[in-house]
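Computed from the coordinates by the stated procedures, all read-outs in this text should not be read as laboratory data. Quick caveat, the model's predicted, so the values are computed rather than measured. In this analysis, Cβ positions are derived from the backbone assuming ideal geometry, glycine residues included, and neighbour counts consider all displayed protein chains.
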Amino acid sequence: MLAVLCVLFLYFHNPVCGVFQKLYCTISDSCDCDFKPNIRDLEWDLYKNLYGQHLAQDIVSEEVTRFLQKKNPERPLVLSFHGSSGTGKTMVSSMLGNHLYGSAMSSPYVHQFVPTLHFPLPGRVKEYREELKSWVQGNLTECARSVFLFDEMEKLPPGLIDVLEPFLGPSHVVFRTNYRKAIYVFISTTGEKVINKMAVENRQAGQDREEIKLADLQEAIAETVYNSNTSGFFHSSIIQQKLITSFVPFLPLSRHHVERCVRSQLCQRGSCARTDVVEAVGGDMIYTPSPGKYFSSTGCKAVPAKINLFL
């Protein structure tokens with residue numbers, strides 16, 4: 001609607017149309033008004049608050065930037081996050097919402113799905129498929145720039161997610177909207193063994209963490225999520241049709257990364273100077289594998305509870 005109204009005002013200079021847009025947005029709840037992507041802030045957030053994840057930092061910032069630069073993208077942006085618990089997957093999905101919409105994660109155009117909440121019964125997959133298809137299509141009709149976040153994909157009933165296949169490719173049409181402007185993020189622990197094995201081998205070889213490349217993991221993750229019967233993408237046509245823009249590996253975290261998480265949390269509580277707590281929490285974590293004990297078994301997930309214990 002906003003774009004149509006602006007066309008009517010083309011005989012004005014662009015600044016006038018901009019003023020008209022601001023006026024329009026004072027009386028409208030259109031997603032065009034709330035969509036305020038700030039890539040620079042997203043990149044800074046990833047750099048400052050995501051620890052030990054050079055692959056995720058680079059892939060997310062590059063793919064989102066490339067996607068948003070296209071006025072009419074050929075297909076939606078589809079990212080699949082993989083890695084152990086506590087490595088930052090959910091945090092990065094929240095960063096996307098925070099830096100794409102003015103109302104951040106509370107935006108009505110950022111939609112989150114949790115299998116245990118939204119799709120709890122495996123026997124109702126057929127019903128869930130119809131509901132999910134209708135719900136996604138309805139939200140795309142309302143807002144082409146919709147963001148869909150699917151958490152805990154490893155708990156999603158197999159066969160359910162394939163209902164989205166038409167929305168992820170280049171040919172489907174949704175009434176009154178360009179569905180190709182949407183962003184989908186899938187979050188899963190499936191593939192963590194492949195990722196962690198690569199990280200351990202890298203560490204044992206004495207190589208720098210940043211030497212791990214996406215090319216070392218992309219195909220292995222895709223194969224794992226396709227063949228694992230505990231994956232929401234088990235034998236999925238979405239994988240077969242190569243509709244995932246990028247599989248994003250989240251590496252296991254070392255003690256150094258965990259202590260950075262502790263320090264960050266302490267600063268948020270106004271206790272930046274408590275280096276004793278940083279060391280205590282870092283030392284109290286369980287590290288694997290044995291021998292070696294290179295990486296935290298829970299990443300940064302247990303940090304808040306541990307801080308409460310040592311403060």
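Tabulated values for the structure
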read-out	value
17 Å Cα-Cα reach of residue 126 towards aspartates and glutamates, excluding residues that sit fewer than 8 places from it in its own chain	162, 165
Entries in 48/213; 48/193; 36/193; 70/242 that, when Cα-Cα distance is taken, lie over 32 Å	36/193
Convex hull per residue volume in Å³, alpha carbons only, for the chain	161 Å³
Convex hull volume per residue for segment 255-310, taking Cα atoms only, in Å³	63 Å³
Within a Gaussian network of the chain (alpha carbon springs, distance under 10 Å), most fluctuating of 134, 80, 236	134
Per DSSP, loop trypsin sites (Lys or Arg not before Pro) in segment 173-235 with at most 13 further Cβ within 10 Å	176, 213
GNM flexibility winner over the chain from 222, 280, 56 (Cα, springs under 10 Å)	280
Shape call, segment 173-279: gyration tensor on alpha carbons, a/c limit 1.5	oblate
Sequence-distant residues sharing a close amide H with residue 101 (under 5 Å, placed H)	36
Segment residue 40-residue 171, extension gain: residue separation times 0.36 nm, minus the distance between their alpha carbons	44.0 nm
Under-5 Å amide H pairs with residue 250, H placed in peptide plane, nonlocal only	82, 83
Chain lengthening between residue 230 and residue 47 when straightened (0.36 nm per residue, less Cα-Cα)	62.7 nm
Partner aspartates and glutamates for residue 306 [C-alpha distance under 19 Å; skip if fewer than 8 residues away on the same chain]	259, 276, 279, 284
For segment 30-74 and segment 247-311, distance of Cα centres in Å	26 Å
Spin-label pair residue 205/residue 72, simplified geometry with 7 Å Cα→Cβ offset, distance in nm	4.6 nm
Residue of 272, 300, 143 that the Gaussian network model of the chain assigns the largest fluctuation, springs spanning Cα pairs under 10 Å	272
Spin-label pair residue 213/residue 65, simplified geometry with 7 Å Cα→Cβ offset, distance in nm	2.0 nm
Placed amide H near residue 112: partners under 5 Å, 5+ positions off or other chain	149
Principal-axis tilt of helix 275-284 within the chain, Cα atoms, nearest 10 degrees	80 degrees
